[in-house]
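Where a number appears in this text, it was derived from the coordinates with a stated rule and is not lab data. From a predicted model like this one, the values you see are computed outputs, not experimental measurements. Virtual Cβ from ideal backbone geometry, glycine too; neighbours counted across all protein chains shown.
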Amino acid sequence: MTITDLYPSRGATEVSTPRKDPVVWGAPGTPGPISDIGLQSFEHDGFLAVDQIISDDEVAVYHRELERLVTDPEIRADERSIIEPQSKEIRSVFEVHRISEVFANLVRDERVVGRARQILGSDVYVHQSRINVKPGFGASGFYWHSDFETWHAEDGLPNMRTVSVSIALTENHDTNGGLMIMPGSHRTFLGCAGATPKDNYKQSLQMQDAGTPSDEALTEMATQYGIKLFTGKAGSATWFDCNCMHGSGDNITPFPRSNVFIVFNSVDNAAVEPFAAPIRRPEFIGARDFTPVR
Ligand SMILES: O=C(O)CCC(=O)C(=O)O
Ligand SMILES: [Fe+2]
């Protein structure tokens, strides 16, 4: 069975395609933690900020667990850990909901998964989870990208029915490399130029290359949409649509900026074969276990 490629990418040229999918899949009035107004603004902007999704006491628990993971030599040696090329510090640990019972509980938390179900209008499973650690004094940022571009091209997610939440575990100031999103960018898919190399993920997790928008496209989008920076105390959260154009700068301040990042996909949008890559990425980056979160 072949599934039509709704969002071509990684061809000879950069090409933009209007979004062919809803942003909010749930019927209005579906009960859950997000208000109708919240869902409407998510639909409009492509994101929704939550001032406090977990309490200060819970932040302490999750932050302690993050510290435990990034200082554990066994985790460091695991292929699921990504190391900063320069400082050799841990930059990300993938599949934290499988590595850690503590983060597994966070995923199951109704304040978290309940919001994902409302947006996606179905049961959901975890396509990817990770902690992103941005220690002070020079941790590098994430260049501009749409997550869906990669998840579609390299992981085979057919439709835009995927949502991410970034939960701050340290304060996100306006200076320490917080998340930036172009509001409204989720309504257009930017297919990137250039074929995907075989082991693209290894290099792209440290620095994006294939799947990177051109300067011209970014200039046009930023001019049209503007750029919003997300700040907030530890325990705040940013929900954002899979096709938002987003990125973050380096962290040259002394203040670490760490978060836990969970990607929920609808069980009705399970991964198929990659649409524009020679091979699938490993399952710790793009899940193939579609068991719904309960
Ligand atoms: O939290 C950030 O700095 C951005 C991370 C990001 O875009 C990603 O992990 O895909
Ligand atoms: Fe991203």
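Kindly provide the set of residues from the stretch 268-286 that are more than 16 Å from ligand 2 (Cβ to nearest atom) and either part of a strand (DSSP E or B) or aliphatic (A, V, I, L, M) (or both), ordered by number.
Ala270, Ala271, Val272, Ala276, Ala277, Ile279
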Self-check item: Selected residue (criterion: nearest to Val124 (Cα to Cα)) from residues of the stretch 142-167 that are assigned to a strand (DSSP E or B), among the hydroxyl-bearing types (Ser, Thr, Tyr) and within 11 Å of ligand 1 (Cβ to nearest atom)
Solution: Ser164
Practice problem: Please indicate, with yes or no, whether at least one residue in the stretch 174-189 is of a type in the set (Val, Ile, Thr), touching a strand residue (DSSP E or B) at 6+ places or on another chain (Cβ under 9 Å) and more than 30 Å from Ile252 (Cα to Cα). | Solution: yes
Quiz item: Of all residues in the stretch 98-123, how many are among the β-branched types (Val, Ile, Thr) and either within 16 Å of ligand 2 (Cβ to nearest atom) or closer than 28 Å to Ser16 by Cβ (or both)?
Solution: 1
Quiz item: Restricting the stretch 148-160 to residues that are surrounded by 24 or more Cβ atoms within 10 Å (Cβ to Cβ) and of a type outside the set (Phe, Trp, Tyr), which is nearest to ligand 2 (Cβ to nearest atom)?
Solution: Thr150
Quiz item: Does at least one position in the stretch 134-145 carry a residue that is closer than 21 Å to Ala60 by Cβ, touching a Pro at 6+ places or on another chain (Cβ under 9 Å) and crowded, with 24+ Cβ neighbours inside 10 Å?
Solution: yes
